[in-house]
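The values are calculated or read from the model by the stated rules, or taken from the named source; none is laboratory data. What you see is a predicted model, and the numbers here were worked out from it, not measured in a lab. Because the Cβ atoms are built from the backbone with ideal geometry, glycine has one as well, and the counts that use them run over all protein chains shown.
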Amino acid sequence: MGLESIRQPSDLRRLSYTEVDDLAGEIRDFIVQAVASNSGHLGSNLGAVELTLALHRVFESPTDAILWDTGHQAYVHKIVTGRASGFDRLRQADGLSGYPSREESQHDYIENSHASTVLSYAYGMAVARDSGAANHRHIVAVIGDGSMTGGMAYEALNNLGHSKKRVIIVLNDNGRSYAPTISNLTQPQSALVDVERSQSSDRSAFPERITEKLSHSLTRIRMNPLYVQRQRRLEAWLQNLPVVGQQAEKGMEAVKAAVREFLQPPSFFEALGVRYIGPIDGHDVRELEIALRNAEDLSAEGPIVVHVLTRKGKGYPPAEDDDEKHLHDTPVFDPAVGPPKAVPTGYTQAFADAILKEAEADSRVVAITAAMPGPTGLLPFQDRFSDRFFDVGIAEQHAVTGAAGMAMGGLRPVVALYSTFLSRAWDQVVYDVALHRLPVIFCLDRAGITGDDGPSHHGIYDMALLTKVPGMRVLAPSSAQELQQMLHDAIGLADAGPVMIRYPKGAARQVPENEVGSGLEARKLRFGDGSLAILAVGKMVAAAIKAADMLSERGVSATVWDVRSCSPLDASMCDDAARHQRVITIEDGIREGGVGMSIASEIHGRNEKCLVDVLGVPTKFLPHAKPDRLLASLGLDADGIVAAFDNAHGNAK
């Protein structure tokens, strides 16, 4: 029975284990081909094939709710829930989302691509189920790809353990997020080859072999419901012993705790009131099913973790051999040879070069990221200044407040994150950094509309939010050279408080040295006749110049400003704009409360009669599609600027 015969999860339950193994190989080939043709997340999905098949063979989705944290590991889930035919348009406009999608399937509950949230969803759904408001039988939360480094996961674990809610937690431990997972909780990937090591004749490996066998034996015993029943009887008997009953029970618990600490370091879970099973080989469907079925029985007493070891990128040599991220995500590539090695490009490369230069000149400069050293361009910095580089895992709140502490101690921390992920640390930015006027520099990659990853990854809120933070300087470069200049200036500007530099994904505009601004000043790029001024933010400068050229062909001479500093705004730019009959502002951030609105307020304070059109992203969730397509659909390109001018004049062509 091949992949074409799998229309729904129940089809999996008719397969023998040999057929399941064959299907797993077919699914891996299918995913490689789909991602090679469309781009997407590869390594995480290749590592979750057997786990997903086992989950859907044991549990009955959607009656049993299977929830996915970091939803980029849910491709296999989509395939076995009837969406294989949609993978020819994976992450394309109007095609299949790269993440779970409630609109696509009743099997998708949470549209989640930000990490560490699933356990909180699971807790809430368990409350709803237990109150009679929902009819779910089991709630299964799959968390992995480094998500257990996020603080929200621990908050939920604490609450689950305390409340004893019936939730089955599957820890998909592949030792990775993008980079190696920053945590002592996960198992090293060498654990997957412990069985091979145990067969070695090397006598020095004997203690490890014994430990491995004892660990697996203890796991099998503790998964057995009969063991649990007998344990309860023994505990009750010890409690009832005359005189020494309480001491005897405590003694037994101490022995059990000591064994767990020796053989199973993740007994951490049980300290929170969450039962623990594992580790389990995440590529052995039979073993996975046994563990999941026993967890199903044991969950009657409260939350339980099934710790599963998987290998990110399994089954595809280019992914297995990628030391940086196991092909976590890839562009379009030739599946026969794999994608080329990922290297920073565009603005990311400009940042990577600039921070090295600043660190060479200033020993106070340190770099901080949240599990993304490669995508943010910090790998060269890590290689050159390993003692000044800090990857804190998927923990943006901790990253920001940790940076605050470093700044208090006299350092110049540069926090490199994706724009969409900084919003997770909003409270820390405002009260831990800005309130203390600390010299922290935020470099936000993937700002603006990012494209294929959809609504959770578009970085459209940073300007509207951060321009409202007292003392925060917000800069938006329009070229690679501007970014490098802004980072250099930020080192000095930070003496007075935090600075944010935001820049987009993709190619960077290149300009000569004499076309680069400085400090907090805007830069005038075109001199017009006073009829129209176009004030553009960051990436939108290229569109503004093109629009000015288009209008020039029609006899309209437009002034063009590169805003550069979104907060504070350059007063000379606002003065000049207010002398024009009309002004158009354009930004790739949210329009309401954005930079354009602030500019309009400044201009109207100078000239009430000046007409200002503010172009920006509407207040709605944007789908996945190529950035240029989305920008054009929103009127955020050269044609959109010209159309805004025509509409304002009532002479649309």
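General observations
- Some residue of region 12-22 being at negative phi and in contact with a Pro (Cβ under 9 Å, 6 or more places away or on another chain): no
- When LEU483 is tested against the conditions (1) outside the structural domain of VAL414 (by TED's automatic domain parsing); (2) touching a Pro at 6+ places or on another chain (Cβ under 7 Å), the lone failure is (1).
- Filtered residue count, region 494-520, keeping only those that are over 18 Å from MET573 (Cβ atoms) and without any contact (Cβ under 8 Å) to a residue 40 or more places away in the chain: 6
- Search result, residues across region 426-452 that are among the small types (Gly, Ala, Ser), modelled with pLDDT of 95 or more and in contact with a helix residue (DSSP H, G or I) (Cβ under 6 Å, 6 or more places away or on another chain): ALA447
- Entirely in region 534-653, the strands (runs of 3 or more DSSP E) that have 2 or more residues that are of a type in the set (A, V, I, L, M, F, W, C) and surrounded by 21 or more Cβ atoms within 10 Å (Cβ to Cβ): 558-562, 582-590, 611-617
- Pairs where the first residue, in region 560-581, is farther than 19 Å from LYS539 by Cα and the second is small (Gly, Ala, Ser), C-beta under 6 Å, 6+ apart: ALA577/ALA533; HIS580/GLY530; HIS580/ALA533; GLN581/SER531
- Residue within region 33-44 that is in a helix (DSSP H, G or I) and surrounded by fewer than 19 Cβ atoms within 10 Å (Cβ to Cβ) present: yes
- Restricting GLY393, GLY402 to those that are on the phi > 0 side of the Ramachandran plot and not polar (S, T, N, Q) reduces the list to GLY393.
- Tally of residues being crowded, with 21+ Cβ neighbours inside 10 Å, modelled with pLDDT under 90 and under 20 Å from the mean Cα position of the chain (by Cα) across region 313-348: 8
- PRO380 touching a helix residue (DSSP H, G or I) at 6+ places or on another chain (Cβ under 9 Å) and part of a loop (DSSP other than H, G, I, E, B): no
- Test: residue in region 431-439 that is part of a loop (DSSP other than H, G, I, E, B), over 22 Å from the mean Cα position of the chain (by Cα) and surrounded by 22 or more Cβ atoms within 10 Å (Cβ to Cβ): yes
- Test: residue in region 117-133 that is within 29 Å of GLU320 (Cα to Cα) and either assigned by TED's automatic domain parsing to the domain that holds ARG629 or not hydrophobic (A, V, I, L, M, F, W, C) (or both): yes
- Every pair of residues 6+ apart whose Cβ atoms lie under 6 Å, when the first sits in region 521-538 and is on the phi > 0 side of the Ramachandran plot while the second is assigned to a loop (DSSP other than H, G, I, E, B): GLY530/HIS580; GLY538/ALA476; GLY538/SER478
- Residues of region 40-73 satisfying the condition of being under 17 Å from the mean Cα position of the chain (by Cα) and farther than 20 Å from TYR123 by Cβ: GLY40, HIS41, LEU42, GLY43, SER44, ASN45, HIS72, GLN73
- Any pair with Cβ under 6 angstrom, 6 or more apart, that starts in region 385-409 at a residue that is free of Cβ contacts under 8 Å to residues at least 24 places away in the same chain and ends at one that is surrounded by 19 or more Cβ atoms within 10 Å (Cβ to Cβ) and of a type in the set (A, V, I, L, M): PHE389/ALA367
- For region 86-115, residues that are among the hydroxyl-bearing types (Ser, Thr, Tyr), under 27 Å from ARG14 (Cα atoms) and in contact with a Leu (Cβ under 9 Å, 6 or more places away or on another chain) total 1.
- One residue alone among ARG14, ARG28 is at pLDDT 90 or above and either more than 26 Å from the chain's Cα centre (by Cα) or within 26 Å of VAL305 (Cβ to Cβ) (or both), and that residue is ARG14.
- With respect to the conditions (1) of a type outside the set (Gly, Ala, Ser); (2) surrounded by fewer than 20 Cβ atoms within 10 Å (Cβ to Cβ); (3) farther than 18 Å from GLY402 by Cα, PHE351 lacks only one, and its number is (2).
- Scanning region 383-424 for residues that are farther than 24 Å from ALA496 by Cα and assigned to a helix (DSSP H, G or I) yields ASP383, ARG384, SER386, ASP387, THR420, PHE421, ARG424.
- Residue match in region 71-85 (condition: without any contact (Cβ under 8 Å) to a residue 12 or more places away in the chain, surrounded by fewer than 24 Cβ atoms within 10 Å (Cβ to Cβ) and not basic (Lys, Arg)): yes
- Residue among TYR461, TYR418 that alone is under 26 Å from GLY71 (Cβ atoms), touching an Asp or Glu at 6+ places or on another chain (Cβ under 9 Å) and among the aromatic types (Phe, Trp, Tyr): TYR418
- Among all residues of region 140-154, there is none that is farther than 18 Å from GLN397 by Cα, surrounded by 19 or more Cβ atoms within 10 Å (Cβ to Cβ) and more than 23 Å from the chain's Cα centre (by Cα).
- Filtered residues of region 5-21 (kept if loosely packed, with under 11 Cβ neighbours inside 10 Å and either touching a residue at least 60 places away in the same chain (Cβ under 8 Å) or in a loop (DSSP other than H, G, I, E, B) (or both)): SER16
- Matching option when the condition is in contact (Cβ under 8 Å) with a residue 12 or more places away in the chain, of a type in the set (Phe, Trp, Tyr) and out of contact with any helix residue (DSSP H, G or I) (no Cβ under 7 Å at 6 or more places or on another chain), among PHE30, PHE59: PHE59
- If you go through region 427-441 and pick out every residue that is closer than 20 Å to PHE390 by Cα and among the hydrophobic types (A, V, I, L, M, F, W, C), you end up with 5.
- Check on GLU358, outside the structural domain of TYR276 (by TED's automatic domain parsing), assigned to a helix (DSSP H, G or I) and in contact (Cβ under 8 Å) with a residue 40 or more places away in the chain: yes
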